[in-house]
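> Handing you a structure now.
The values are calculated or read from the model by the stated rules, or taken from the named source; none is laboratory data. These figures come from a predicted structure and were not determined experimentally. With ideal geometry, Cβ positions are generated from the backbone for all residues, glycine too; neighbour counts draw on all protein chains shown. Surface areas here come from the heavy atoms of the whole protein model, side chains and all, with no ligands, DNA or RNA. Shrake-Rupley method; radii C 1.70, N 1.55, O 1.52, S 1.80 Å.
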Amino acid sequence: MNRKLVTLLATGAVALFGSSVALAEGRAVTSSVTVEYSDLDLASPNGVDRLYSRLRSAARNVCGEYEARDLRTRASARSCYVRALGEAVRDVDHAALTAMHQGNTAERLARLDGRSNRS
């Protein structure tokens with residue numbers, strides 16, 4: 001059986017959510033989540049979509065929620081999420097998954113740019 005796994009890692013930013021003691025002592029905290037996807041058919045758009053959904057969920061789990069009121073916590077979690085998701089997509093190394101990720105990133109940036117251009 002060919003087991004397909006990808007591990008999402010978060011170092012440092014997780015300290016804001018997981019261990020205030022480690023943060024206070026200046027120690028880096030590393031957290032990881034492994035996503036298995038051997039059950040998915042990555043030749044189908046549905047399989048790619050399901051894997052991307054799993055990776056996004058795992059990135060949220062490993063990095064924490066970025067909807068916090070504290071701006072520093074929010075920025076750190078968001079940065080962690082973007083980095084972890086991007087690295088996981090790169091590690092899977094599947095053209096359709098990469099294209100989906102790049103399209104979602106471009107769409108999100110366009111929405112943010114549209115908001116900043118409004119008066």
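> Among residues belonging to region 54-65 that are open to solvent by 50 Å² or more (accessible area, probe 1.4 Å) and closer than 18 Å to residue 105 by Cα, point out the one that is modelled with the lowest pLDDT.
Step one: of region 54-65, the residues open to solvent by 50 Å² or more (accessible area, probe 1.4 Å) are 54, 56, 60-61, 65.
Checking which are closer than 18 Å to residue 105 by Cα leaves us with 54, 56, 60.
On the way: 54: 94, 56: 92, 60: 87.
Per the stated criteria, the residue is 60.
> Name the pairs: first residue in region 81-98 and without any contact (Cβ under 8 Å) to a residue 12 or more places away in the chain, second residue of a type in the set (Val, Ile, Thr) and surrounded by fewer than 20 Cβ atoms within 10 Å (Cβ to Cβ), Cβ to Cβ under 6 Å, at least 6 apart or on different chains?
Matching pairs, first to second residue: none at all.
> Does region 78-101 contain any residue that is of a type in the set (Asp, Glu), outside any helix (DSSP H, G or I) and at pLDDT 85 or above? I'd like the intermediate steps shown before the answer.
First pass over region 78-101, keeping only residues of a type in the set (Asp, Glu): 87, 91, 93.
Subsequent filtering for residues that are outside any helix (DSSP H, G or I) retains 93.
Those still in the list that are at pLDDT 85 or above too: 93.
Checking region 78-101: at least one residue is of a type in the set (Asp, Glu), outside any helix (DSSP H, G or I) and at pLDDT 85 or above.
> Considering each of 43, 75, 22 in turn, give the residue that is at pLDDT 75 or above and in a helix (DSSP H, G or I). Before the answer, list the steps.
Numbers: 43 fails: in a helix (DSSP H, G or I); 22 fails: at pLDDT 75 or above.
From the options 43, 75, 22, the qualifying one is 75.
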